[in-house]
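K.L.:
Encoded as structure tokens, here's the structure I'll be asking about.
The values are calculated or read from the model by the stated rules, or taken from the named source; none is laboratory data. Because the structure is a prediction, the values reported are computed rather than measured. Every residue, glycine among them, receives a Cβ derived from its backbone with ideal geometry; neighbour counts consider all protein chains shown.
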Amino acid sequence: MSEPEGDVKIENAYARGESASAHPFLHPLAHDVRAWEYRLGYRGDIEGLRAVAILLVVADHARVTWLRGGFVGVDVFFVLSGYLITALLVQDIVENGGIRFARFYARRFRRLLPALALMLVCVSVLAAMLLAPSDQATQATAAASAAVWLSNLHFAFSTLDYFGPTAAHNLFLHTWSLGVEEQFYLVWPALLALLLGGWRLHRTHLNIGRLKLAMIAIALASLIACVAWTYLSPQLAFYMMPARAWQFALGALTLLYFGTPDRDAHPDGEPGLSAPATGRSRGLIRWAGWAGLLMILLAAVLFDSDMSYPGWRALLPSIGAAAVLAAGARAAGGGVARALSWRPMQEVGRVSYSLYLWHWPILLLGGALIALDDPVHRLALVAISLIIAVLSYRCFEAPIRRNAKLVSKPRLLVFGALALMVIINALALRWYGSAKDWMNLPLQRTFREAHVDAPIIYAMGCDDWFHSARVRICAFGPSNAAHTAVLMGDSIAGQWTPAVAEVFNRPGWRLLILTKSSCPMVDAPYFYGRIGREYTECATWRKEGLKQLVTLKPDVVIFSSFPTGAITEQQWINGSAAVLQRINGSVGRIFVLRATPRLPFDGPDCLSAEKWQPALLVRPDECKATAYWPQNNRVYAALMQAVRSFKNVSTLDMNDLICPAGICAAERNGKIVFRDNQHLTASFARSLGQPMAQRMDTREWVSAAAGNGPGT
């Protein structure tokens with residue numbers, strides 16, 4: 001996450017404590033300058049707050065189980081940006097009679113672009129060496145967007161593809177927040193200049209009251225939009241700057257009402273900064289600072305990805321950050337400000353921008369290079385990213401940032417920065433074109449085709465995913481067949497279509513497929529993280545689908561679902577039993593098919609990368625993993641408990657045939673097993689048709705009635 005100003009110390013007369021009268025060029029604004037005497041010296045509490053924010057973000061990305069809401073660190077950064085950037089801009093107007101736009105943007109580019117450019121180039125080169133060409137194409141488009149600060153728009157308007165790679169696996173996903181900040185930097189200077197009347201030099205009055213009212217209006221309008229979008233269009237609420245503007249405005253309001261540390265505030269109480277808190281008020285604001293820090297930490301502990309966000313929930317960490325900033329300004333030297341000024345926190349805060357840039361791609365690339373998924377492995381990757389961040393800061397970021405000559409000609413620096421952005425964007429697009437060409441190489445074509453080796457039901461349009469609650473049935477076999485079998489569930493059920501088709505490919509039978517991706521066969525409310533809200537379409541579809549089963553009175557029904565952790569074990573038991581109870585008595589036999597194991601990597605991409613990577617990096621058994629998955633075991637145990645009271649219901653487990661001896665391989669006996677990290681290829685699923693028929697013991701209940709068998 002970007003830091004508005006790494007070295008918060010501003011070199012000006014007032015930061016050195018000199019009077020306005022000693023500087024004639026400031027004299028026309030002296031009256032207001034005394035009221036707005038921003039002593040933007042080094043704020044240890046701000047550096048410490050940055051450390052808190054980045055540590056929470058890293059903890060969330062490293063999957064620390066008790067800090068699943070660590071993503072709120074980004075909200076803290078947004079409030080910080082509003083506070084500091086507003087202070088810098090108002091100070092510029094106070095001292096110079098207007099905002100020096102070229103110098104402002106030159107400082108922003110000098111501060112943020114070099115480290116970002118370094119990360120983009122290095123990570124892209126590593127990705128081109130380590131990742132499968134099909135994965136590289138997705139990464140390249142995100143890199144191109146990040147180079148021009150538009151990655152938040154890239155992810156906000158990316159079309160969700162259920163079987164495609166998710167944003168969570170993109171090396172440059174974290175740059176979305178940088179895009180939000182840069183768009184904030186683009187509009188904020190002009191807005192403040194307009195509101196403060198600071199377009200011309202030597203203005204004799206700055207309308208601070210108007211600025212406060214405007215910030216309140218912006219905060220309220222943006223917050224209302226954020227809450228509405230969170231429920232109507234969660235992607236826009238999360239990624240778009242207008243939905244986050246209230247957090248920047250909150251930071252600005254914290255500055256306007258609480259100011260910055262100032263020992264010599266104007267005695268007449270001019271608009272803006274009041275005198276420092278003393279006595280009881282100092283004690284109260286110190287307690288408010290501790291309460292603010294507690295609010296941030298509570299959000300990190302209590303929140304997780306299985307809830308709507310940001311919306312109103314983002315108020316908790318945002319107000320907490322504002323309280324910490326206010327306490328540091330009005331009661332500096334004690335309380336939370338002193339705690340945040342602890343030396344180790346200062347060191348982490350100092351490299352927070354570099355750590356933000358590097359930790360996410362290192363976590364993903366480390367997982368791609370070494371297929372391990374355990375806390376020790378993730379901790380080691382975090383340590384590596386911290387080392388890289390420190391080196392980046394000391395050897396690259398800090399020297400450039402401290403080079404005052406770079407902003408001596410601000411317009412030249414701005415144009416140079418824009419040119420660098422365009423060059424990196426062009427290189428990323430060139431990488432995208434190369435990745436597309438590499439995907440068509442003969443050695444890579446097989447793996448590309450494995451990604452689309454899916455059951456025919458998706459080409460038939462039978463699965464509407466979250467786009468509607470309509471029940472669309474794919475039917476195979478004659479409509480007048482004497483017997484009917486039904487396969488119903490989410491995509492984990494749908495993947496078995498070729499196998500089930502083999503089972504019922506016999507005279508007198510027809511096969512009906514009812515699937516809705518990510519819709520478990522459990523009567524329970526379900527928050528779906530991919531769409532950022534409760535999956536209401538699933539509940540409606542499931543209810544209507546079960547009604548149709550009761551009407552159809554099929555001979556056999558097979559249910560299967562992904563064992564999502566968004567549903568509790570008790571809900572799996574009670575909700576599954578409720579589903580079975582609804583159709584019990586209308587169905588001959590019911591099978592609850594266990595969810596298949598999943599890989600900690602994309603199967604075809606792993607095989608592709610194995611052929612693509614330099615020989616020195618290829619490891620034996622690279623594309624294999626243990627089938628042990630605690631969540632799958634817990635859910636299957638819950639399902640076995642749910643079916644106990646139903647005489648015509650049985651569980652069915654095929655996983656030992658998918659992962660013999662508890663080892664899952666992306667490829668076995670020349671056949672690619674998985675088409676991603678959790679779905680079987682249609683080719684491999686078809687090969688399990690006969691074993692499935694044997695385990696279902698079809699001889700007991702399959703009729704030999706005449707008719708054509710179902711298709712595949």
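K.L.:
Taking R530 as the residue in question, decide whether it is under 30 Å from L236 (Cα atoms), of a type in the set (D, E, K, R) and over 24 Å from the mean Cα position of the chain (by Cα).
P.N.:
no
K.L.:
Of everything in region 224-240, what is touching a Phe, Trp or Tyr at 6+ places or on another chain (Cβ under 7 Å) and among the small types (G, A, S)? Give them in sequence order.
P.N.:
Answer for region 224-240, where residues must be touching a Phe, Trp or Tyr at 6+ places or on another chain (Cβ under 7 Å) and among the small types (G, A, S): just A237.
K.L.:
Now for a separate question. Is there any pair linking a residue in region 581-607 that is in a loop (DSSP other than H, G, I, E, B) to one that is of a type in the set (D, E, K, R), with Cβ under 8 Å and at least six apart or on different chains, and which?
P.N.:
Hits for this filter: S586/K553; V587/K553; V587/D555; G588/D555; R594/D653; P600/D373; D602/D135; D602/D676.
K.L.:
Continuing with this model, one more query. Name the pairs: first residue in region 300-313 and farther than 26 Å from A221 by Cα and surrounded by fewer than 15 Cβ atoms within 10 Å (Cβ to Cβ), second residue at pLDDT below 95 and of a type in the set (S, T, Y), Cβ to Cβ under 7 Å, at least 6 apart or on different chains?
P.N.:
none
K.L.:
Same structure again: Applying the selection to region 362-375, what residues are more than 18 Å from C623 (Cα to Cα), β-branched (V, I, T) and modelled with pLDDT under 90?
P.N.:
none
K.L.:
Can you confirm whether region 498-507 contains a residue that is of a type in the set (G, A, S), under 29 Å from M307 (Cβ atoms) and either at pLDDT 95 or above or crowded, with 21+ Cβ neighbours inside 10 Å (or both)?
P.N.:
no
K.L.:
Among the numbered conditions (1) more than 31 Å from the chain's Cα centre (by Cα); (2) farther than 30 Å from T230 by Cα; (3) surrounded by 19 or more Cβ atoms within 10 Å (Cβ to Cβ), tell me where S560 comes up short.
P.N.:
(1)
K.L.:
Could you tell me whether S81 is part of a helix (DSSP H, G or I), crowded, with 19+ Cβ neighbours inside 10 Å, modelled with pLDDT under 95 and touching a Pro at 6+ places or on another chain (Cβ under 9 Å)?
P.N.:
no
K.L.:
Turning to a different aspect of this structure: What number goes with the only condition from (1) of a type outside the set (A, V, I, L, M, F, W, C); (2) surrounded by fewer than 20 Cβ atoms within 10 Å (Cβ to Cβ); (3) out of contact with any helix residue (DSSP H, G or I) (no Cβ under 8 Å at 6 or more places or on another chain) that P554 does not pass?
P.N.:
Failed condition: (2).
K.L.:
Here are some residues: M307, M295. Which one is in contact with a Gly (Cβ under 6 Å, 6 or more places away or on another chain), in the same structural domain as A221 (by TED's automatic domain parsing) and either hydrophobic (A, V, I, L, M, F, W, C) or assigned to a helix (DSSP H, G or I) (or both)?
P.N.:
M295
Here's the yes/no breakdown for (1) closer than 17 Å to F601 by Cα; (2) free of Cβ contacts under 8 Å to residues at least 12 places away in the same chain:
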position	(1), (2)
R634	no, no
F646	no, no
V649	no, no
D653	no, no
C659	yes, no
H679	yes, no
F684	no, no
L688	no, no
Q694	no, yes
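K.L.:
Ok, one more. Scan A637, A666 and give me the residue that is in the same structural domain as A524 (by TED's automatic domain parsing) and at pLDDT 95 or above.
P.N.:
The match here is A637.
K.L.:
List every residue pair whose Cβ atoms lie under 7 Å apart, where the two residues are 6 or more positions apart in sequence or sit on different chains, the first residue falls within region 392-404 and is in the same structural domain as Y353 (by TED's automatic domain parsing), and the second residue, located anywhere, is surrounded by 13 or more Cβ atoms within 10 Å (Cβ to Cβ) and small (G, A, S).
P.N.:
Listed pairs, sorted by first residue: S392/A115; S392/S354; Y393/S354; F396/A115; E397/A115; E397/S354; R401/G6.
K.L.:
Here's a follow-up. Please enumerate the residues belonging to region 611-626 that are modelled with pLDDT under 90 and either of a type outside the set (S, T, N, Q) or at positive phi (or both).
P.N.:
P614, A615, L616, L617, V618, R619, P620, D621, E622
K.L.:
Turning to a different aspect of this structure: With respect to W149, determine if the residue is under 30 Å from I492 (Cβ atoms), aromatic (F, W, Y) and more than 16 Å from the chain's Cα centre (by Cα).
P.N.:
Here the answer is no, as W149 does not meet what is asked.
K.L.:
Do the conditions hold for S479, that is, is it small (G, A, S), surrounded by fewer than 15 Cβ atoms within 10 Å (Cβ to Cβ) and in contact (Cβ under 8 Å) with a residue 12 or more places away in the chain?
P.N.:
Yes, satisfied.
K.L.:
From the list D555, D523, which residue is of a type in the set (D, E), touching a Ser or Thr at 6+ places or on another chain (Cβ under 9 Å), more than 30 Å from A228 (Cβ to Cβ) and not assigned by TED's automatic domain parsing to the domain that holds A167?
P.N.:
D555
K.L.:
Between residues in region 316-328 that are within 21 Å of Y42 (Cβ to Cβ) and outside the structural domain of A53 (by TED's automatic domain parsing) and residues that are hydrophobic (A, V, I, L, M, F, W, C) and surrounded by 24 or more Cβ atoms within 10 Å (Cβ to Cβ), which pairs lie under 9 Å by C-beta distance while being six or more apart or on different chains?
P.N.:
Matching pairs, first to second residue: none at all.
K.L.:
If you don't mind, another one. Among the numbered criteria (1) within 23 Å of A609 (Cα to Cα); (2) over 18 Å from the mean Cα position of the chain (by Cα); (3) crowded, with 17+ Cβ neighbours inside 10 Å, which one does D373 miss?
P.N.:
Among (1) within 23 Å of A609 (Cα to Cα); (2) over 18 Å from the mean Cα position of the chain (by Cα); (3) crowded, with 17+ Cβ neighbours inside 10 Å, D373 violates only (3).
K.L.:
Can you tell me which residue is nearest to A252 (Cα to Cα) among those in region 217-238 that are small (G, A, S) and free of Cβ contacts under 8 Å to residues at least 40 places away in the same chain?
P.N.:
The residue in question is A219.
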